[in-house]
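Single-structure report; data block below.
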Protein chains: 2
Amino acid sequence: MSYDRVCLIGLGLIAGSIALAAKRRGLAGTIVGTARTAETRATALRIGLVDEVFDTPAEAVAGADLVILCVPVGAMGVVAAEIGPHLAPGAVVSDVGSVKQAVIDAVAPHLPDHTVFIPAHPLAGTEHSGPEAGFATLFENRFCLLTPQGASAAETDRYRAFWEGMGALVEEMDAEHHDRVLAVTSHIPHLIAYTMVGVADDLRRVTNSEVIKYSAAGFRDFTRIAASDPTMWRDVFLHNEDATLEILGRFTEELFTLQRAIRKGDGKALFDHFTRTRAIRRGILDAGQDTDAPDFGRARKAE
Amino acid sequence: MSYDRVCLIGLGLIAGSIALAAKRRGLAGTIVGTARTAETRATALRIGLVDEVFDTPAEAVAGADLVILCVPVGAMGVVAAEIGPHLAPGAVVSDVGSVKQAVIDAVAPHLPDHTVFIPAHPLAGTEHSGPEAGFATLFENRFCLLTPQGASAAETDRYRAFWEGMGALVEEMDAEHHDRVLAVTSHIPHLIAYTMVGVADDLRRVTNSEVIKYSAAGFRDFTRIAASDPTMWRDVFLHNEDATLEILGRFTEELFTLQRAIRKGDGKALFDHFTRTRAIRRGILDAGQDTDAPDFGRARKAE
């Protein structure tokens, strides 16, 4: 159920974590990789993320039976075009992009018929990026969503086992639905967090140091996700435009309703809305997706 | 530096935590209280939050040298009118409201000249409410903002020592500035979180169970603050209308700029914005106001 030679294209947080997890769990014979900059390639080799690095994707994929594209969504098509002619017969090609339909549209045309395409999206990350940000437990108890493109059940199951071996909870769904679910649960929350942090940064009458000092009152919870990798998020929004704009429209509509209630002093409308939103939080706790400890169980000393 | 008889009006999360912390640190001789419902009064007495409960605020404040109003912001004026004639000479009156100017406007006119008014706002809370939600360490290393209304330095220092005794970091600022700082760091983030959770709850094509299941991808961080006490937050928005609407206007402006960049495919604008917001997160970590552990150091098992 493992792969002989795994090739990682792009060596950031996610690729680094795959390398460490796959090695620790014995899921890969050899792990090789490549990255855009010589510095990243050197770092990955130095800290032992990969057994071998190559200067180009074309060289890196030679002989690999699993190739995972770990580059920003906007770079997937270019990389696919580059590796297409060099892929081994029977190779499984996957990716870790946060958007699926746009990646499929960009990558699939470049893959030869003798390969198998199984797009994937591990719902895992931290605010850190780069090869040294990876860690072996990143995927434990985290969902990994597969959107198989006509891969056989046997190939899909084999790739599923690779992720399960790294501790992930694997689910399958179609690409369009994936993009809509993630727009709600991830893309729009990130956009809003980026917006809120930007507003705080812009104010004149309230200083940055005050915003930072008193951030525990609510603002702080927005800043972690607004510190994620800018390139990754630029590409997510550029490549999930339709779902993002749809959910954003609903968000604005709802925000204006609350704004109007504040302006009109409509306490009942505010109270009813705030009561309704409490229920969904309860659902998240009941589903074991968060802790109800104060501050999510943040260590007291860190505050 | 302590008070002989502390009276808490309203016995929810904050009052309960004050009672437990003051008792543990020996900051109060006797702690008495009152609450609107007989059930809350009975619970507070049963679990030992207070030494004695009274049916009405007027009875409760008799002989107290410190009275803290721990009711929603919208109820402060009514309570102040009720207790005014019964306050002991020299009594310090304070509150724990999240808005300060509106509380001062509502409370000050009812307080006799022989009392001292020192409004306060502890920046602490959890998503739970009610007398049983209180705990003695809630204020440790948390800010408590005082907006003294002409109290002498000696009286202010004595009350400051009470909060410092409970572990809080005490700062003074004027009420109007407080309301603006909190609009940015707390009120608008809460409003936005409530909005986002409401949007997720409304969707038809993405199910609630999917939103909950995949919430760790970003959405989850919004839900904790959107689960706070609805009455408290209704009153915050109704009583900090000006600052809230001002910051909300800036937020909408910024959100529309990002929305336009997505629609136009302007990757540079998105990248520049996302890069800028990263710096403020770094500031929060450097100031020791959060941890950079993945998921804020949430326990893995809880995910």
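The values are calculated or read from the model by the stated rules, or taken from the named source; none is laboratory data. None of the values given here were measured: they were computed from a predicted structure. Every residue, glycine as well, gets a Cβ built from its backbone with ideal geometry; the counts of neighbours run over all protein chains shown.
The number of residues in the range B:73-93 that are surrounded by 23 or more Cβ atoms within 10 Å (Cβ to Cβ) and under 18 Å from the mean Cα position of the chain (by Cα) comes to 3.
Within the range A:141-150, restricting attention to residues that are at pLDDT below 95 and not in a strand (DSSP E or B), the residue that is surrounded by the fewest Cβ atoms within 10 Å (Cβ to Cβ) is A:Gly150.
Take B:Ala287 and tell me if it is within 7 Å of chain A (Cβ to nearest Cβ), crowded, with 23+ Cβ neighbours inside 10 Å and over 24 Å from B:Ile14 (Cα atoms).
Values: within 7 Å of chain A (Cβ to nearest Cβ): yes; crowded, with 23+ Cβ neighbours inside 10 Å: no; over 24 Å from B:Ile14 (Cα atoms): yes.
Judged against the criteria, B:Ala287 is not a match.
The selection criterion, being facing another protein chain (nearest Cβ under 8 Å) and of a type outside the set (A, V, I, L, M), does not hold for B:His178.
Taken over the range B:123-140, the residue count meeting the criterion of being closer than 15 Å to B:Leu169 by Cβ and surrounded by fewer than 22 Cβ atoms within 10 Å (Cβ to Cβ) is 2.
Residues of the range B:119-154 that are among the hydroxyl-bearing types (Ser, Thr, Tyr) and touching a His at 6+ places or on another chain (Cβ under 7 Å): B:Thr147 alone.
Could you say whether any residue in the range A:141-151 is farther than 27 Å from A:Val78 by Cβ and either more than 10 Å from every other protein chain (Cβ to nearest Cβ) or among the β-branched types (Val, Ile, Thr) (or both)? First the steps, then the outcome.
Filtering the range A:141-151 for residues farther than 27 Å from A:Val78 by Cβ gives A:141-143.
Subsequent filtering for residues that are either more than 10 Å from every other protein chain (Cβ to nearest Cβ) or among the β-branched types (Val, Ile, Thr) (or both) retains none.
No, the conditions are met nowhere in the range A:141-151.
For the criterion of being modelled with pLDDT under 70, more than 7 Å from every other protein chain (Cβ to nearest Cβ) and over 26 Å from the mean Cα position of the chain (by Cα), A:Lys301 passes.
Hey, any hits in the range B:15-24 for a residue that's in contact with an Asp or Glu (Cβ under 8 Å, 6 or more places away or on another chain), assigned to a loop (DSSP other than H, G, I, E, B) and assigned by TED's automatic domain parsing to the domain that holds B:Pro112?
Keep residues of the range B:15-24 that are in contact with an Asp or Glu (Cβ under 8 Å, 6 or more places away or on another chain), which gives B:16.
Narrowing further to those that are assigned to a loop (DSSP other than H, G, I, E, B): none.
No, that holds for no residue.
Check whether at least one residue in the range A:73-92 is assigned to a strand (DSSP E or B) and within 23 Å of A:His178 (Cα to Cα), and report yes or no. Among the residues of the range A:73-92, at least one is assigned to a strand (DSSP E or B) and within 23 Å of A:His178 (Cα to Cα), which makes the answer yes.
Among the residues of the range B:253-265, which ones are facing chain A (nearest Cβ under 7 Å) and of a type outside the set (A, V, I, L, M)?
Within the range B:253-265, the subset facing chain A (nearest Cβ under 7 Å) is B:254-255, B:258-259, B:262-263, B:265.
Matches in the range B:253-265: B:Glu254, B:Gln259, B:Arg263, B:Gly265.
Of all residues in the range B:18-57, those satisfying the criterion of being within 23 Å of the chain's Cα centre (by Cα), over 23 Å from B:Ala168 (Cα atoms) and crowded, with 17+ Cβ neighbours inside 10 Å are B:Thr34, B:Ala35, B:Thr40, B:Arg41, B:Thr43, B:Ala44, B:Pro57. When restricted to residues that are assigned to a loop (DSSP other than H, G, I, E, B), surrounded by fewer than 20 Cβ atoms within 10 Å (Cβ to Cβ) and either at negative phi or without any contact (Cβ under 8 Å) to a residue 40 or more places away in the chain (or both), the range B:152-179 contains 3. Contact annotation: residue pairs with Cβ atoms under 7 Å, 6 or more positions apart or on different chains, pairing a residue in the range B:266-283 that is within 13 Å of A:Gly198 (Cα to Cα) and facing another protein chain (nearest Cβ under 7 Å) with a partner that is crowded, with 21+ Cβ neighbours inside 10 Å and hydroxyl-bearing (Ser, Thr, Tyr), are B:His273/A:Tyr194; B:Phe274/A:Tyr194; B:Thr277/A:Tyr194; B:Ile280/A:Thr223; B:Arg281/A:Thr223. For the range B:217-237, filtering for residues that are of a type outside the set (Gly, Ala, Ser), facing another protein chain (nearest Cβ under 7 Å), buried (at least 22 other Cβ atoms within 10 Å of the Cβ) and in a helix (DSSP H, G or I) leaves 8. Residues that are assigned to a strand (DSSP E or B) and within 19 Å of the chain's Cα centre (by Cα) occur at least once in the range B:112-119.
Residue by residue, here is whether (1) of a type outside the set (Val, Ile, Thr); (2) touching a Lys or Arg at 6+ places or on another chain (Cβ under 7 Å) holds:
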residue	(1), (2)
A:Asp201	yes, yes
A:Val206	no, yes
A:Ser215	yes, no
A:Gly218	yes, no
